[in-house]
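The values are calculated or read from the model by the stated rules, or taken from the named source; none is laboratory data. For clarity, every value in this text was computed on a predicted model and none was experimentally measured. Here the Cβ positions follow ideal geometry from the backbone for every residue, glycine too, while neighbour counts run over all protein chains shown. SASA here: full protein model, heavy atoms, side chains in, ligands and nucleic acids out. Shrake-Rupley method; radii C 1.70, N 1.55, O 1.52, S 1.80 Å.
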Amino acid sequence: FLGARRKNCYTPRAICQPCALPAPLFMPYMAVLDAVKAGAKQILVNSLSFDDTRAASISEFLPSLLVGLLTALLLYLAARGRSPPYISKQWCKYKVLGKRVVSEGPRPVVFFTVGVRTKDMPTGSHVKIRARTEDGEEVIKSYTPTRFDGDSCEIMIRIYPDGTMTPILSKLEVGSYMEMMGPTGLHRYGTEGPGTFTHGKRSYKAKRVGMLAGGTGVTPMVQIVNHILGGEDGTEVKLILFSSRRDEVLLESELRSLSANSSGQLSVRFLCSSPSSPTPTHYSISLF
């Protein structure tokens, strides 16, 4: 049928395929809506054997049409309720799905899992987090997620008691919201294939990569390492992580585990400068 109109009868552009149930039940919803919009009172339909054509009243389609539309609405609302919002260049509030403290002490390290869809977020990018102090002052800091997948991202934060942002974030609990935007930054990894680094219009390619990181600067390195080891990327990585004290080494167990399961693709060494006295005049270097 080509959609020819005859008086109050309308022939839809799409036809029903033979099926075990009456044809009106499977009439394409858009065709029915099209007919109603055109002011038709009847629709021409084929019989199950396609050897006969009859004029069906619009009212025959209304029950199945309403059921279909209601089902579609419920499925949409259910999907919307399950799926977190996408990462956005605008400030948005995202739900905190998880919180775990990985090191204690005066400057504890906390991992936050945030419910945000980051499917298109490039490796090497970071996000900005916004918060307000008790005095109402706005604070904005950039953080690099250590890992992100389709429906969440993981952010590692070291809490500084005298800091402006981290004491605020330390009070967040599961179920609260974190205000965030992204992705930001110019550095990217893997956008032009395995082993490729880009910065603006410049790009580099390598088969082996050496990484040097100190303290929380390990987070962008871990993000790239997770990308390499989590996909079909044969790039070899050697990482040296610097820390001031042995008890402040970040992600030691995680990095050792990644290295042990990488089949030699990732090599990690930790370099620590330990004070020899409470008021040191010199430092000793330990590699472990």
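If you scan the stretch 167-196, which residues turn out to be of a type in the set (S, T, N, Q) and free of Cβ contacts under 8 Å to residues at least 24 places away in the same chain?
Taking the stretch 167-196 and keeping what is of a type in the set (S, T, N, Q), we get 170, 176, 184, 191, 196.
Hit for the stretch 167-196 is 196, nothing else.
Which residues, counting only those in the stretch 99-115, are assigned to a strand (DSSP E or B) and either over 14 Å from residue 177 (Cβ atoms) or open to solvent by 20 Å² or more (accessible area, probe 1.4 Å) (or both)? Spell out the reasoning first.
Quick first cut of the stretch 99-115, residues assigned to a strand (DSSP E or B) only: 99-103, 109-115.
Scanning the stretch 99-115 gives 99, 100, 101, 102, 103, 109, 110, 111, 113.
Would you point out which residue out of 175, 163 is more than 16 Å from the chain's Cα centre (by Cα), among the small types (Gly, Ala, Ser), more than 22 Å from residue 106 (Cα to Cα) and at pLDDT 90 or above?
175
Quick grid of which residues meet (1) open to solvent by 70 Å² or more (accessible area, probe 1.4 Å); (2) assigned to a helix (DSSP H, G or I); (3) of a type in the set (Val, Ile, Thr):
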{"site": "213", "(1), (2), (3)": "no, no, no"}
{"site": "227", "(1), (2), (3)": "yes, yes, no"}
{"site": "231", "(1), (2), (3)": "no, no, no"}
{"site": "254", "(1), (2), (3)": "no, yes, no"}
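Across the stretch 175-208, what is the number of residues that are assigned to a loop (DSSP other than H, G, I, E, B) and either crowded, with 16+ Cβ neighbours inside 10 Å or touching a strand residue (DSSP E or B) at 6+ places or on another chain (Cβ under 8 Å) (or both)?
If we filter the stretch 175-208 for residues that are assigned to a loop (DSSP other than H, G, I, E, B), which is where we start, we get 175-176, 185-186, 190-195, 200-201, 206-207.
Those left that are additionally either crowded, with 16+ Cβ neighbours inside 10 Å or touching a strand residue (DSSP E or B) at 6+ places or on another chain (Cβ under 8 Å) (or both): 175-176, 185-186, 190-195, 206-207.
Residues flagged as assigned to a loop (DSSP other than H, G, I, E, B) and either crowded, with 16+ Cβ neighbours inside 10 Å or touching a strand residue (DSSP E or B) at 6+ places or on another chain (Cβ under 8 Å) (or both) within the stretch 175-208 amount to 12.
Residue by residue through the stretch 82-130, note down the ones that are β-branched (Val, Ile, Thr) and under 14 Å from the mean Cα position of the chain (by Cα).
To start, the set of residues in the stretch 82-130 that are β-branched (Val, Ile, Thr) comprises 87, 96, 101-102, 109-110, 113-114, 116, 118, 123, 127, 129.
Listed by number, the residues that qualify are 87, 96, 113, 114, 116, 118, 123, 127.
Quick check: is even one residue across the stretch 143-150 surrounded by 13 or more Cβ atoms within 10 Å (Cβ to Cβ) and at positive phi?
no
Is it true that residue 220 is touching a residue at least 60 places away in the same chain (Cβ under 8 Å), more than 23 Å from residue 263 (Cα to Cα) and buried (at least 17 other Cβ atoms within 10 Å of the Cβ)?
Numbers: touching a residue at least 60 places away in the same chain (Cβ under 8 Å): yes; more than 23 Å from residue 263 (Cα to Cα): no; buried (at least 17 other Cβ atoms within 10 Å of the Cβ): yes.
Answer is no for this residue.
For the stretch 256-267, enumerate the residues that are touching a strand residue (DSSP E or B) at 6+ places or on another chain (Cβ under 7 Å) and open to solvent by less than 20 Å² (accessible area, probe 1.4 Å).
Start the filter on the stretch 256-267 by keeping residues that are touching a strand residue (DSSP E or B) at 6+ places or on another chain (Cβ under 7 Å), which leaves 256, 258-259, 265-267.
Passing the criteria: only 266.
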